[in-house]
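Q: Sharing a structure with you now.
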Amino acid sequence: MKLRDQWIGWDDATRGRALQHVVNNSRFLVLAKIRNLASMLLGSVLKRLANDWQSQYAVNPYLVETLVDSKRFYGGCYRAANFIVLGQTSGRGRMDRSHQRHGAHVKTVMVYPLIKNARLRLTQAG
């Protein structure tokens, strides 16, 4: 993702070495109408994530990323859990190698550093 890579300061080679330290949160949906439940659950998961990921995969995660479909959702629970909004994707998706679907599925890119100086660690990882 271009926005994430620019925010971190990655070139292609560094991204290839360090991408394993980025955890992608692809799904998170809470349908209960209980005030602050989603952000509270998300915060609890983020506190455990580093230890659980290290014990399961033997990799230290430095950053969590997520994409929110901006046509359908605001991403309020991520914002309440202190995720950083980086901006909008171009909307073409990772499978569109021929650049035919520009603007089709625009998503908001959000990240959450799990450690201090995550950006610096991600540029030095490898």
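The values are calculated or read from the model by the stated rules, or taken from the named source; none is laboratory data. Quick caveat: nothing in here was measured; it's all calculated off a predicted structure. In this analysis, Cβ positions are derived from the backbone assuming ideal geometry, glycine residues included, and neighbour counts consider all displayed protein chains.
Q: Give just the number: which of (1) surrounded by fewer than 15 Cβ atoms within 10 Å (Cβ to Cβ); (2) over 25 Å from R92 (Cα atoms); (3) of a type in the set (G, A, S) does A13 not satisfy?
A: (2)
Q: Within the group R27, R4, R48, which residue is surrounded by fewer than 17 Cβ atoms within 10 Å (Cβ to Cβ), among the charged types (D, E, K, R) and at pLDDT 95 or above?
A: Among R27, R4, R48, only R48 is surrounded by fewer than 17 Cβ atoms within 10 Å (Cβ to Cβ), among the charged types (D, E, K, R) and at pLDDT 95 or above.
Q: Please name all residue pairs, on different chains or six or more residues apart, with Cβ atoms under 8 Å, provided the first residue is in the range 16-30 and is part of a loop (DSSP other than H, G, I, E, B) and the second residue is surrounded by fewer than 14 Cβ atoms within 10 Å (Cβ to Cβ).
A: Every condition considered, the pairs that remain are V30/L37.
Q: Going by what's in this entry, would T89 be described as surrounded by 17 or more Cβ atoms within 10 Å (Cβ to Cβ) and modelled with pLDDT of 95 or more?
A: no
Q: Turning to a different aspect of this structure: Tell me which of these N36 doesn't satisfy, since it passes every other one: (1) surrounded by fewer than 13 Cβ atoms within 10 Å (Cβ to Cβ); (2) of a type in the set (S, T, N, Q); (3) modelled with pLDDT of 95 or more.
A: Going through the list (1) surrounded by fewer than 13 Cβ atoms within 10 Å (Cβ to Cβ); (2) of a type in the set (S, T, N, Q); (3) modelled with pLDDT of 95 or more, N36 breaks only (3).
Q: Something else now. I'm told A58 meets every condition in (1) within 23 Å of R15 (Cα to Cα); (2) surrounded by 11 or more Cβ atoms within 10 Å (Cβ to Cβ) except one. Can you identify the failing condition by its number?
A: Result: A58 passes all but (2).
Q: Shifting gears a bit: Looking at the range 54-77, is at least one residue modelled with pLDDT of 95 or more, more than 22 Å from T123 (Cβ to Cβ) and part of a helix (DSSP H, G or I)?
A: Yes, the range 54-77 contains at least one residue that is modelled with pLDDT of 95 or more, more than 22 Å from T123 (Cβ to Cβ) and part of a helix (DSSP H, G or I).
Q: Step by step: first the residues of the range 65-83, then only those that are among the aliphatic types (A, V, I, L, M) and farther than 21 Å from H105 by Cα, then the one that is surrounded by the most Cβ atoms within 10 Å (Cβ to Cβ). Which residue is that?
A: Once the filter is applied, the top-ranked residue is A81.
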